[in-house]
Amino acid sequence: GPRDRVVFATQAKVPKRREDRERILLALADLAGRRPDLDVVVKLRALDNERQTHNERHNYQRLWQSLETEGRVRPGAVRFAAGSMHEHLAHSAGFVTVSSTAALEAIAQDVPLLVLSDFGVSAEMINLVFEGSGLLGTMDDLAQGRFHTPDEAWCGANYFHPNGESDWVSQMVTLVGQARSGRLIPATSLLDGPQYAAARRRA
């Protein structure tokens, strides 16, 4: 089908502050105003009235409703949807997130993307893996519709490589053969022995 959608994948934990989430929504609204040919979608894990694994203090759908009420965004400029990420990406011309692992799905489906760095790149933001990827960008990039393709070297280092370079199947066949013939030596734990009993209990 046509690739006429920009998908923002939300994260329950980051960013934490209401103001930061509103900034993202405002940038999405700005993009929708600049590019009326695009369907700008906020991809939720679940709709507002549905139960989620992580409770969100500042739910994006409710924040958007507040922004509409305040007249800060055009009603209906951005659409909220749940459902299959794979299906959304199949129609995506661009993908954006703060740190969602759905970015990896976007890379696998050759969707240009943007990982927002406005809130920092750190373990706390769960986005350190994207350092050096060529995918980091800003809210201004989002508003302008500037998406990126990942750096080739970064892709290779993060398991996005040609199928011919994958050797895990042949390695597994070898290991299974060794196990069946009794030649596979079981791995020993680093915590073997009575001196590590307390450590084993903690583990």
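The values are calculated or read from the model by the stated rules, or taken from the named source; none is laboratory data. Just so it is clear, the structure is predicted and the values come from calculations on it, not from any experiment. Positions of Cβ are backbone-derived with ideal geometry, glycine not excepted, and every protein chain shown enters the neighbour counts. Please note that ligands, DNA and RNA were not included when accessible areas were found on the heavy atoms of the full protein model with its side chains. Shrake-Rupley method; radii C 1.70, N 1.55, O 1.52, S 1.80 Å.
Taking amide H atoms as placed 1.01 Å from N in the peptide plane, list the residues 5 or more away in sequence, or in a different chain, whose amide H sits under 5 Å from that of V40.
Those lying under 5 Å, H to H, from V40 are V6, R79.
Which value, in Å², gives the accessible area per residue of segment 101-145 when a 1.4 Å probe is used on the protein heavy atoms? Each step should come with its number before you reach the end.
Numbers: 1860 Å² over 45 residues.
Each residue of segment 101-145 exposes 41 Å² on average to a 1.4 Å probe.
What percent does the relative contact order of the chain come to when contacts are Cα pairs within less than 8 Å and at least six residues apart? Intermediate values should be presented prior to the final figure.
Working: 267 pairs, mean separation 42.8, N = 203.
Taking the mean separation of contacting Cα pairs over the length of the chain, I get 21 percent.
Given N residues in segment 102-172, what is Rg(Cα) / (2.2 N^0.38 Å)? Could the numbers behind the result be given before it?
Working: Rg = 14.1 Å, N = 71, 2.2 N^0.38 = 11.1 Å.
Dividing the Cα Rg of segment 102-172 by 2.2 N^0.38 Å gives 1.27.
For segment 1-119, what is one quarter of the convex hull surface built on the Cα atoms, given in nm²?
Values: hull surface 28.5 nm².
Directional mean of the projected Cα hull area for segment 1-119 stands at 7.1 nm².
Separation of segment 32-111 and segment 127-203 by C-alpha centroid, Å?
Rounded to whole Å, the Cα centres lie 28 Å apart.
Which percent of the accessible area of the chain is formed by carbon and sulfur heavy atoms (probe 1.4 angstrom)? Don't skip to the answer; put the middle values down first.
Details: 6110 of 11950 Å².
Using a 1.4 Å probe with all protein chains present, the chain comes out at 51 percent carbon and sulfur.
Which loop-located chymotrypsin sites (Phe, Trp or Tyr not before Pro) does segment 71-159 contain, where loop means any DSSP state but H, G, I, E or B and the Cβ has at most 11 other Cβ atoms within 10 Å?
On the way: sites: F80, F95, F119, F130, F147, W154, Y159; in loops: F119, F147, Y159.
Sparse-neighbourhood loop chymotrypsin sites (Phe, Trp or Tyr not before Pro): Y159.
Please compute the contact order of segment 68-166 in relative form: average sequence separation of alpha-carbon pairs under 8 Å and at least six residues apart, divided by the residue count, as a percent. Please list the in-between numbers first.
Working: 106 pairs, mean separation 20.5, N = 99.
Relative contact order, segment 68-166: 21 percent.
Along each principal axis of its Cα atoms, how long is segment 49-118 end to end? Whole angstroms, biggest number first, please.
Each principal axis gives a Cα extent; for segment 49-118 these are 38, 28, 26 Å.
I'd like the orientation of helix 168-180 relative to the chain: the angle between its Cα long axis and the longest Cα principal axis, in ° from 0 to 90, rounded to 10.
30 degrees
Which order do peptides 65-78, 101-114 fall in by mean Cβ count within 10 Å, highest first? Could the numbers behind the result be given before it?
On the way: 65-78: 14.2, 101-114: 19.1.
Descending packing order for the listed peptides: 101-114, 65-78.
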